[in-house]
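Enquirer: The structure that follows is given in the form of structure tokens.
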């Protein structure tokens, strides 16, 4: 915009038949405001622990947007400090819980959260009868997009590109998978375990939620989500009738989930759907409610101090591993913690079919991942680690088949 001629050419192409000096000036103002907003976003969401490609602290970034930006409360900003690995997107529409700690079970809420995470805007305004919730998320188009996503299938190991799977070895690995109780947490093949029918008569893939103490992996993500707090400010009316009514500070997770639910319902109600259409757009899932008493608060906290163990479909294509991306390959995941790499490079685009993960040698644009940094430990998940090298190779071969 420092070059008027270039901006004018841009404005004419963007505005087309709507171009005028007035509309061009309005566009310039909008772009200036957006540039400022994006600069602020980048500054406040810069991770304290950069991990490079493959990991992102989406949850704290989202809570900054909902708990702070939307309500105009700068006291609720926090520096993102717990990057996690990008999870697979196939099957998620059919699973009963999403996010690494299983905090969200309503798919419409998840969709709105994803829009906010990629620069969607939200705003909360006090009004006479309470609060007005606004979001730029287009719920109707999101519904169409995610209907398409239902058809996405887990990728098959590309035997024509990588080495062919040794079927005999994989069969041995399948028995080891069962023997080592891997199936206790991770479903390996369909039909996957289903939830009980909900109030809409629908069932979903049941995702195992494992207490972080049991799995032994880095607890920072789960614990921080529960312990982070936020000041209510103008959002105080939202907590009326809940266990937090009248309190100036509340758990940030509760505020986040409550706001996400309100933004979602507000966006859906603007579409004026029929009752059946509303249920469909909610994915035939119930909306969460704020805890009403200490018992419900304790149940909520307990339910969040977990890590999600989803079906292993397409697991070969989802490196790095563990919730925080602290293990580079499936081979390393089967090693005892003391034998796992303490540091490695992320961002190398070359796949390593032997170890099943991306190569960890330095490459252009790669970043050092240091497991000694708080939140980035590669400890825990000891399942299937006390086996022989031959058994480890067979188990790895089996995981390629999923």
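Enquirer: For the chain, what are the per-bin percents of Cα-Cα distances with bins 10 Å wide, up to the bin holding the maximum?
Expert: Pair shares across the bins are 4, 19, 28, 25, 15, 6, 1, 0.
Enquirer: What residues from region 364-402 fall in the zone where the backbone N is under 20 Å from a label point 7 Å along the Cα-to-C-beta line of residue 183?
Expert: Those under the cut-off are 382-387, 391-402.
Enquirer: Each label point is 7 Å from the Cα along the Cα-to-Cβ direction; what then is the distance between the points at residue 389 and residue 134, in nm?
Expert: Spacing of the two 7 Å Cα→Cβ label points: 6.5 nm.
Enquirer: Go ahead and estimate [θ] at 222 nm for the chain from helices alone: -39,500 (n - 2.57) per DSSP H run with n ≥ 4, summed, over the residue count, rounded to 500.
Expert: On the way: 13 runs with 142 residues, N = 402.
Taken over the chain, the calculation gives -10500 deg cm²/dmol.
Enquirer: Taking the chain as a Gaussian network, where each spring joins two C-alpha atoms under 10 Å apart, which residue of 45, 17, 101 fluctuates the most?
Expert: Comparing 45, 17, 101 in the GNM, the peak value goes to 17.
Enquirer: Take peptides 108-114, 2-8 and line them up by average Cβ neighbours within 10 Å, highest first, as a rough protection proxy.
Expert: 108-114, 2-8
Enquirer: Give me log10 I(q)/I(0) at q = 0.13, 0.16 Å⁻¹ for region 176-316, Debye formula, one equal scatterer per alpha-carbon, no solvent.
Expert: Per q value, in the given order, log10 I(q)/I(0) is -0.80, -1.10.
Enquirer: In the chain, what percentage of the DSSP-assigned beta bridges are antiparallel, given to the nearest 5?
Expert: 95 percent
Enquirer: Let me ask something additional. If you take the Cα Rg of region 63-193 and divide it by 2.2 N^0.38 Å, with N the number of residues, what do you get?
Expert: Details: Rg = 20.7 Å, N = 131, 2.2 N^0.38 = 14.0 Å.
This ratio for region 63-193 stands at 1.48.
Enquirer: What is the helix-to-structure angle for 252-270, meaning the angle in degrees between its Cα long axis and the longest Cα principal axis of the chain, kept from 0 to 90 and rounded to the nearest 10?
Expert: Relative to the chain, helix 252-270 is tipped by roughly 60 degrees.
Enquirer: Average the reciprocal distances over every distinct pair of alpha-carbons in region 32-137, invert the result, and give the Kirkwood radius in Å.
Expert: Final number for the Kirkwood radius of region 32-137 is 15.1 Å.
Enquirer: May I pose another question? I'd like the orientation of helix 139-149 relative to the chain: the angle between its Cα long axis and the longest Cα principal axis, in ° from 0 to 90, rounded to 10.
Expert: 20 degrees
Enquirer: Pop a pseudo-label 7 angstrom from the Cα along the beta-carbon direction at both residue 363 and residue 382 and give the gap in nm to one decimal.
Expert: About 3.4 nm, to one decimal.
Enquirer: Right, here's the next one. When 327, 315 are ordered from fewest to most other Cβ atoms inside 10 Å of their Cβ, what list results?
Expert: 315, 327
Enquirer: Going by average Cβ density within 10 Å per residue, which order do the peptides 162-168, 51-57 take, highest to lowest? If you can, show how the numbers build up before the last one.
Expert: Numbers: 162-168: 12.3, 51-57: 20.4.
Top to bottom by mean Cβ count within 10 Å: 51-57, 162-168.
Enquirer: Okay, next question. If you take the Cα atoms of region 1-44, find Rg, then find the Kirkwood Rh from the mean of 1/r over all pairs, what is Rg/Rh? Don't jump to the answer; show the numbers that get you there.
Expert: Details: Rg = 12.0 Å, Rh = 11.2 Å.
My calculation of the ratio gives 1.07.
Enquirer: Quick check of the Kirkwood formula: for region 119-230, what is the inverse mean of 1/r over all pairs of different Cα atoms, in Å? Each step should come with its number before you reach the end.
Expert: Numbers: mean 1/r = 0.0500 Å⁻¹.
Roughly 20.0 Å, rounded to one decimal.
Enquirer: Something else now. Apply 1/(1 + (r/R0)^6) to the Cβ-Cβ distance of residue 12 and residue 32, taking R0 = 22 Å, and write down the FRET efficiency to the nearest 0.05.
Expert: Numbers: r = 18 Å, r/R0 = 0.83.
Once rounded, the FRET efficiency stands at 0.75.
Enquirer: If I fit a long axis through the Cα atoms of helix 4-15 and take the longest principal axis of the Cα atoms of the chain, what angle between them do I get, 0 to 90°, rounded to 10?
Expert: Helix 4-15 and the main axis of the chain meet at about 80 degrees.
Enquirer: Mind computing the radius of gyration and Dmax over the alpha-carbon atoms of region 237-295? Å is fine for both.
Expert: Cα-based Rg and Dmax for region 237-295 come out at 13.5, 38 Å.
A short reminder: the numbers here are calculations on the coordinates, not readings from a lab. Just so it is clear, the model here is predicted, and its values are computed rather than measured. With ideal geometry, Cβ positions are generated from the backbone for all residues, glycine too; neighbour counts draw on all protein chains shown.
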